[in-house]
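The values are calculated or read from the model by the stated rules, or taken from the named source; none is laboratory data. This one's a predicted model, so the numbers in the text were calculated from it and none came from an experiment. Here Cβ is always computed from backbone atoms with ideal geometry, including for glycine, and neighbour counts include all displayed protein chains. The accessibility values were calculated without ligands, DNA or RNA, using every heavy atom of the protein model including side chains. Shrake-Rupley method; radii C 1.70, N 1.55, O 1.52, S 1.80 Å.
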Amino acid sequence: MRRLWSIPARFFLEIACVLMCALPLVGAGDDSFLLRGATVHPVSSDDIPNADVLVRNGRIAGIGSHLAAPKGVRIIELKGLHVYPGMIDSATEMGLSEIGAVRETSDVSELGNLNPELRAIIAVNPASEHIPVTRANGITSVVTLPQGAMLAGQGALIHLDGWTWEDMEVEPDASMVLNFPIVESPRLRFFRQNATPYSEAKQNYEQRIRELEEFFESARRYQKARVAKEPGLAQDLKYEAMLPVLDGKVPLLIEATREKLIREAIRFADKEKVRMILGHGEEAWKVKDELKAKNIPVILGPTLELPVEEDDPYDRLFTQPAELVKAGVKIAFGSFNTSSSRNLPYQAAAAVAFGLPYADALKSVTLNPAQIWGVADKLGSIEEGKWADIMITDGDPLETRTEVKQVFIKGKSLELDNKHKQLYRKYLNRP
Amino acid sequence: MRLHWMILCLAAGSLLAVRPIPARAASTTLIRNATVLTVTKGTITHGSVLVRDGKIAEVGENITAPADAKVIDATGDYVIPGIIDCHSHIAAESINEGSTSVSSMVGIEDVINPEDVEIYRALAGGVTTANVLHGSANAIGGKCTVMKMRWGKSAKEMIFEGAMPGIKFALGENPKRQGSGPNPFGNTASLRYPATRMGVEDVIRDAFTQARNYEAAWREYREKVARGERAVPPARDLKLEPLVEVLEGKRFVHAHCYRQDEILMLLRVADEFGFKIRTLQHVLEGYKVAKEIAEHGAGASTFSDWWAYKVEAYDAIPYNAAIMVRKGVLVSLNSDSAELDRHLNTEAAKAMKYGGLDETEALALVTINPARQLAIDKRVGSIEPGKDADLTIYDKHPLSNYAKVLTVMVDGDVYFDRDRDIAERPAREARRKELLEKEAQEQKKKPRPDKEQDSKPQDQRRPQ
């Protein structure tokens, strides 16, 4: 135990530390600067020790050794520190949900089964306390997803900075979310009274699938009629929203857990000729070869989850990321949560402990999601021409103990203070 | 038919579950050349731990293996005391007796399922001891049990012998939920007092008033008997007896709480009745009243960084553990989850990131501190000669996200070994297939179940 006399001294030191962390290393506002003397981890290529990164007008303008700072551009000395691209959480409810248990604070699930026209982006609350809490750990972008019964709506890729949701937009229609129908398993009945028997559950499932297929068929007919400019075609918001999905411009994020449903989902995406991304995928390891063959990326939920089956090995989900990557499947991590989004890098690290190569782990929270969401021209690595979404750390960002010193989005130095740090300071100093 | 299937599944489950490791082969084991993080006596970089007859016999740099010793070469590995989870519900067949606001007559000890695979999974995450608690539906819940992860042993043998028994209390949103209409799990049972934090206090004060009267009635009876007077003994009350034990300091109170007002309320009620709150559980706003908690002498067992899942968790901060430590509270980190208990080591690392605890202080949150909270620290919680040989070996520093558990010992016996677990997988998988095929054959022989049977009422258990 700690000796008593040292407590006031420790307090002072800690308060000083907190204040120092709260102070940005650079002043906010100016989006042109030179980061000098750091270890740069571009992710897209090998690490560069003692290197500089030039940022001009919010974009990365150069990477190398001994870059000259153009006239008037600030120099930020980063000796001993590390430069990484900001991280991307590929599945959250950021801005849509504030307090999980309070309905009034949740705009995640709409009524109805077929809601492709719903847009998450317009319901993102830029003042959510979750945003500064999350970005303080180096996460600069997230995909925020509607949930709901089946076709839930459009998930948006957003920056964790902005006065309005328009400021935050990176890709407002990054994905169409489909919660693939499930056959309600008998096990789920423990949680419900008056549960339906299996035969009925199966019928319900088949009914849902039919509903879904018919909807896609109608949307296709609408698409054809629209292309043919058929006279008298009444505009339909639901079918309009489906057009970019049917054209393959917007991917269909299909959320499915079990092997059988993942296979059904793949068959469905094949049949409908849409671009599929698999979400969750707890049993994706059983389908890895098909996923590879069809080039379907997977947004994995937390690595540290219990196995699906009682008699699965205890580390079933710990080893899955490594198995998928070995099979050639592209993966990215999603927290599928809001309040634990800041722990995204630790999901990747846990997979490293169980065989995932470190480089792939880092990619799965940076470059891979940028590629999967079709924004690799703007985000995901430290490369010339990309936005300066950057985090500066004192070490490996996948380790809990590493501190994120500074975060930039589009070259703007962000305030890293948040509700948690404010309460910390307030109550640490309570007399 | 369904019943038949379920029985077969259960049988299959117990057969398939990872085989318990048989009783100790050698009574002396030497763990050699590891980094030994004793938690209470510093760190030995090239250290050894000698285990004899279930106890730690020697810890040091140069220990020679006795002739009969089994040697575990742990070069490059890290040894810590087995992790202690101060808030768990694993192995409990039921958790909440939610029909009444005071359920002190029920206890977890009666519903331990020693074949719950979550015990093995906890072991595989380095946990050797857990405080298995009743749920939080009631202001005064049921009795709790401290358990060792002696996988393969009977329920009775898993109980931590000599550990002080406990009782669960609960404050705030959970106990008042049943007074506030249907709960999230669709239970539309009639409303139950209390519906407010005011009512929660009243339930506790009322119960302890009754307990005090009950205690007095017994005292009076005993005094009469002692004086040789004729006396009629009071009727035994199984609900009040555990509360009398609390008043007498023979049973620990583990109180689920979130907000600072309710924390302070409970401390004051306990002061009034002259007992101590042993641990405040969750205690997410503990950092706001750390001074009062320390003054009362309660321990605090919290989450590392959970927040915002309900209103009373909206002011939760990841600095909670560190602030309370700095203000003199005995703090532990718990899981309350069969998943989270598997990586409490890295949860501890978060208290370094948020609030700047050092390595030893962080590890103490999941080892010696919970041991002290449960008053089992003479037996477990650190690596010291004379203590139980409950040890966890990692391949990397346990505060690193890259560490994984290799071997776990309880009472000197290896109950988890990763290599062994992996080696046994093909045989287990083969056995599983065999059983499934057998079941399929059985199914073929028998007529298909009709709908009547299919819609039989299912297990009525509700989630907690």
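Decide, for the range A:87-379, between rounded, prolate and oblate: order the square roots of the alpha carbon gyration tensor eigenvalues as a ≥ b ≥ c, take rounded if a/c falls under 1.5, and otherwise choose prolate if a/b is larger than b/c, else oblate.
Values: a/c = 1.39, a/b = 1.13, b/c = 1.23.
Taking the square roots of the gyration eigenvalues as a ≥ b ≥ c, the range A:87-379 is rounded.
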Shielding by partners, peptide B:308-321 (average Cβ within 10 angstrom, other chains): 6
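Ranked from highest to lowest mean number of other Cβ atoms within 10 Å per residue, what is the order of the peptides A:339-350, A:198-209, B:369-380?
On the way: A:339-350: 25.7, A:198-209: 14.5, B:369-380: 22.5.
Ranking the peptides A:339-350, A:198-209, B:369-380 by packing returns A:339-350, B:369-380, A:198-209.
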Choice from A:153, A:86, A:328 showing the highest fluctuation, given a GNM over chain A with Cα pairs closer than 10 Å: A:328
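Using only the Cα atoms, work out Rg/Rh for the protein assembly as shown, with Rh taken as the Kirkwood radius, to two decimals. Could the numbers behind the result be given before it?
Numbers: Rg = 29.0 Å, Rh = 29.6 Å.
Reported Rg/Rh, Kirkwood definition of Rh: 0.98.
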Between residue B:92 and residues 5 or more places away or on another chain, the pairs with built amide H atoms under 5 Å apart involve B:113
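Report, in debye and to the nearest 20, how large the dipole of chain B comes out about its Cα centre when Lys and Arg carry +1 and Asp and Glu carry -1 on their Cβ. Spell out each step's value before the answer.
Values: 64 positive and 65 negative charges, 155 e Å.
Dipole about the Cα centre, nearest 20: 740 debye.
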Run the reach check for residue B:445 against lysines, Cα to Cα strictly under 26 Å, same-chain hits fewer than 8 apart removed. What comes back? A:202, B:433, B:456
Report in % the part of the accessible area of the range B:261-355 that belongs to carbon and sulfur, leaving out ligands and nucleic acids; probe 1.4 Å. 53 percent
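Filter the trypsin sites (Lys or Arg not before Pro) in the range A:63-143 down to the DSSP loop ones having no more than 12 other Cβ atoms within 10 Å, then list what survives.
Details: sites: A:71, A:74, A:79, A:103, A:119, A:135; in loops: A:71, A:79.
Those satisfying the criteria are A:71, A:79.
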Just to be sure I understand: if you take the accessible area of chain B alone plus chain A alone and subtract the pair, with a 1.4 Å probe, what total do you get in Å², rounded to 100? 5600 Å²
Acute angle (nearest 10 degrees) that the helix A:344-353 long axis makes with the longest principal axis of chain A, alpha-carbon atoms: 90 degrees
Going by a 1.4 Å probe on protein heavy atoms, which residues of the range A:305-330 end up with at least 50 Å² less accessible surface in the whole assembly than in their chain alone? A:306, A:310, A:311, A:314
Need one value for A:414-420: mean number of C-beta atoms belonging to other chains within 10 Å of its residues' C-beta atoms. 2
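For chain B, what does the relative contact order come out to in percent, with C-alpha contacts under 8 Å and a separation of six or more?
On the way: 1006 pairs, mean separation 87.3, N = 464.
Normalised by residue count, the contact order of chain B is 19 percent.
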Taking θ = phi - 60°, what integer Hz values does the Karplus form 6.51 cos²θ - 1.76 cosθ + 1.60 yield along the range B:194-210, in sequence order, with x for Gly and Pro? x, 10, 9, 5, 4, x, 4, 4, 4, 4, 5, 5, 4, 4, 6, 5, 4
For residue B:369, the net charge from surrounding residues (Cβ-Cβ under 10 Å; K, R +1; D, E -1) works out to -1
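Per-residue ellipticity at 222 nm for chain B, helices alone: DSSP H runs ≥ 4 residues times -39500 (n - 2.57), over residue total, nearest 500 deg cm²/dmol? Let's see the in-between values first.
Values: 15 runs with 150 residues, N = 464.
One gets -9500 deg cm²/dmol as the mean residue ellipticity at 222 nm.
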What whole-number value in Å² describes the accessible area per residue of the range B:264-317 for a 1.4 Å probe? 27 Å²
Before anything else, pin down the relative contact order of chain A: Cα pairs under 8 Å, at least 6 apart, normalised by residue count, whole percent. 20 percent
From largest to smallest, what semi-axes in whole angstrom does the range B:83-380 give when each is the square root of 5 times an eigenvalue of its alpha carbon gyration tensor? 31, 22, 20
Accessible area (Å², per residue) of the range A:243-314, counting only protein heavy atoms and a probe of 1.4 Å: 41 Å²
Sorted by chain and then number, the residues having a modelled amide H within less than 5 Å of the amide H of residue A:331, at least 5 places away or on another chain, are A:298
If amide H atoms are modeled at 1.01 Å from N in the peptide plane, then the residues at a separation of 5 or more from residue B:366, or on another chain, having amide H under 5 Å from its own are B:333
Just to be sure I understand: with springs between alpha-carbon atoms less than 10 Å apart, which residue in A:384, A:98, A:184 has the highest mean-square fluctuation in the Gaussian network model of chain A? A:184
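Using a 10 Å cut-off on Cβ to Cβ distances, tally the other chain neighbours for every residue of B:113-123 and report the average as a whole number. Mind showing how you got there, number by number?
Working: counts 0, 0, 0, 1, 7, 3, 0, 1, 5, 1, 1.
Averaged over the peptide's residues, the number is 2.
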Hey, what angle do you get for helix A:316-326 against the long axis of chain A, alpha-carbon based, 0 to 90 degrees rounded to 10? 90 degrees
Would you list which lysines come within 22 Å of residue B:350, measuring only between C-alpha atoms, while excluding same-chain residues fewer than 8 positions from it? A:405, A:419, A:421, A:426, B:288, B:310, B:327, B:396, B:404
To the nearest 10 degrees, how steep is helix A:198-227 against the longest Cα principal axis of chain A, on a 0 to 90 scale? 80 degrees
Please give the net charge around residue A:327, taking every other residue with its beta carbon less than 13 angstrom from that of residue A:327, where Lys and Arg add +1 and Asp and Glu add -1. +2
Can you list the residues of the range B:324-343 that have at least 30 square angstrom less accessible area with all protein chains present than in their chain by itself, probe 1.4 Å? B:326, B:327, B:339, B:342, B:343
